[in-house]
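Structure first, commentary second.
The values are calculated or read from the model by the stated rules, or taken from the named source; none is laboratory data. The shown structure was predicted, so the numbers you read here are calculated from the model rather than taken from an experiment. Here Cβ is always computed from backbone atoms with ideal geometry, including for glycine, and neighbour counts include all displayed protein chains.
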Amino acid sequence: MSFLKKIRPAKEAEVRALRAALAQVKPRRIGDRPVRDFAAALQGGQRLIAEIKHKSPSHPQFQQLATPATLARAYRRNGAAALSIVTDAAHFGTSLADVAAVRSAVPLPVLVKDFVIDETQLTAAWAAGADAVLLIVRMLKADRLQTLLRHAHDLGLHVLVECHDRTDIELALASEARLIGVNNRNLATLTTDLAHGAAMMPLVPQTVTRISESGLYTRADIEHMAGHGADAFLVGHALLHSHDPGRKVAELCGRESETAIRVKTCGLTSAEDAVMAHQAGADFLGLIFAPSRRQVSPDTARAIRQAVPRARLCGVFVDEPVDRVASLAETCDLDLIQLHGDESPAVCREVAHATGRPLIKALTADRATPERAARYDAAAYFLVDLPKGRDQRGLTPDDCRRTAGDMQRAGCEVFLAGGLTPDNVAEAVTGNPVFAVDVASGIEAAPGSKDPERTRNFILEAKR
């Protein structure tokens, strides 16, 4: 039995429950509340709709830990034009109860995706805060599709009509749909084929906004489908699979190269320096919350976030209680968490679950091995550094470079630190396959005060 047939009885039961719940609710009409312009957000070419869900029946081994609001902020920060949230809790882990948090977190239009068979579901989506809804042609007869379209439009909602084959597309066009999605995934079998989607896309006229859905994992996939006529792209599984979904959005949008080296400027202590480093091209801005000459207060961190709302902030902690890390991650709107102490693999798992943010685990050059990294299964990245203070244990920056390269070649994604400056960073990364470089004192005029010229030169040399 296909997935769509399996799910229909559950949807029929949901409709009965929704009818009872909405029986006392005043009928909704256009103008009762503002609706964000989902259709306009998709104009301009290669716009990304980033999807929020906690799990998926087609990939049950994956699970997203971040809250919907955290994901919404990360997706917008990295270039998403609109958001989608799947509201089938049983199969995807997110529901209508999550829509309000997503909508309040960011000003982007929100598409509510469900397996819609009845007007009641559209009314419930409207009441929950949807700006747009999904109708799947394969689940509906022609007359039901048109009836549901009219009901959604009466509510002021935009409608994405999802198709998979030529017959679906003909029915969507006959219903005068203005937003048509071609799903590269066959919802009967849950298999994905971009070639099939590429063949179907030209059947949708250019006067309609054309959205390619599912199976899009790389920037090359986006460009390939754009070449076959897609105007916008709905991406879900690539984000669910990613250990850093914000970064994946940036890569899919073409804002960040999938292969170029990244730069993290760490130890920022002022909004002015954060703005300067961000404008100079730093990919990550590090804020140290541990005792240090570069320690920032929560108030300063929040001021930095306000000054650079689109920057990716990494909070650096050393053997802190998990609840404090989680609290600061939320109140300071951090994108990543770096643990720079003696945190065990178990503690790292706790932090990852509590924060829902990608985790960087720092290891000293004499302790960073692929075998040790394998025990830190909650870490998205590793940072290889020299021991702090006088306890250098005879290690040198060359040890960091050699170890970081070994870790990266073994399959880890590694930030290289340890004595980097504008004068040596190009040499350090030449022939050394690291994901990113991390610098603090090497670009400073004084502890905690970044020198603009050295910062710009460091970023230029690292990315050269």
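I'd like to check something: does the range 72-87 contain any residue that is in the same structural domain as Leu179 (by TED's automatic domain parsing), of a type in the set (Lys, Arg), farther than 27 Å from Asn186 by Cα and exposed (fewer than 14 other Cβ atoms within 10 Å of the Cβ)? Reasoning before the result, please.
Residues of the range 72-87 that are in the same structural domain as Leu179 (by TED's automatic domain parsing), as a first pass: 72-87.
Those still in the list that are of a type in the set (Lys, Arg) too: 73, 76-77.
Going one step further and asking which of them are farther than 27 Å from Asn186 by Cα, we end up with 73, 76-77.
Add one more test, that the residue is exposed (fewer than 14 other Cβ atoms within 10 Å of the Cβ), and what stays is none.
Among the residues of the range 72-87, not one is in the same structural domain as Leu179 (by TED's automatic domain parsing), of a type in the set (Lys, Arg), farther than 27 Å from Asn186 by Cα and exposed (fewer than 14 other Cβ atoms within 10 Å of the Cβ), which makes the answer no.
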- Message: Looking at the range 203-215, I want the residues that are closer than 16 Å to Asp165 by Cβ and have a partner that is of a type in the set (Ser, Thr, Tyr) and at pLDDT 95 or above with Cβ atoms under 9 Å, at least 6 apart or on another chain. Which pairs are those?
- Response: none
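Any residue at all in the range 230-244 that's assigned by TED's automatic domain parsing to the domain that holds Leu334, touching a residue at least 24 places away in the same chain (Cβ under 8 Å) and under 19 Å from Ile360 (Cα atoms)?
Looking for residues that are assigned by TED's automatic domain parsing to the domain that holds Leu334, touching a residue at least 24 places away in the same chain (Cβ under 8 Å) and under 19 Å from Ile360 (Cα atoms), one finds none in the range 230-244, hence no.
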- Item | Enumeration of residues in the range 251-268 that are crowded, with 24+ Cβ neighbours inside 10 Å and of a type in the set (A, V, I, L, M, F, W, C) | Leu252, Val263, Cys266, Leu268
- Could we say that Thr396 is over 26 Å from Asp335 (Cα atoms) and not assigned by TED's automatic domain parsing to the domain that holds Gly246 here? yes
- Task: Within the range 93-103, identify whether any single residue is within 21 Å of the chain's Cα centre (by Cα), among the acidic types (Asp, Glu) and in the same structural domain as Gln63 (by TED's automatic domain parsing), and answer yes or no.
- Result: yes
- Would you check if there is a residue in the range 378-388 being at pLDDT below 95 and either among the basic types (Lys, Arg) or exposed (fewer than 14 other Cβ atoms within 10 Å of the Cβ) (or both)? yes
- Query: Got a number for residues in the range 348-372 being surrounded by fewer than 19 Cβ atoms within 10 Å (Cβ to Cβ) and either within 18 Å of Phe435 (Cβ to Cβ) or of a type in the set (A, V, I, L, M) (or both)?
  - Reply: 4
- Out of curiosity, is His59 at pLDDT below 85, surrounded by 12 or more Cβ atoms within 10 Å (Cβ to Cβ) and either in a helix (DSSP H, G or I) or of a type outside the set (Gly, Ala, Ser) (or both)? yes
- Task: Take the residues in the range 312-325 that are surrounded by 20 or more Cβ atoms within 10 Å (Cβ to Cβ) and not charged (D, E, K, R), then tell me which one is farthest from Phe415 (Cα to Cα).
- Result: Val325
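Can you find a residue that is at pLDDT below 95 and in contact with a strand residue (DSSP E or B) (Cβ under 9 Å, 6 or more places away or on another chain) anywhere in the range 225-234? Before you say what the answer is, go through the steps one by one.
Going through the range 225-234, the residues at pLDDT below 95 turn out to be none.
Scanning the range 225-234, I find no residue that is at pLDDT below 95 and in contact with a strand residue (DSSP E or B) (Cβ under 9 Å, 6 or more places away or on another chain), so the answer is no.
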- Message: Out of Val106, Val110, I need the residue that is modelled with pLDDT of 95 or more, touching a helix residue (DSSP H, G or I) at 6+ places or on another chain (Cβ under 9 Å) and surrounded by 21 or more Cβ atoms within 10 Å (Cβ to Cβ). Which one?
- Response: Val110
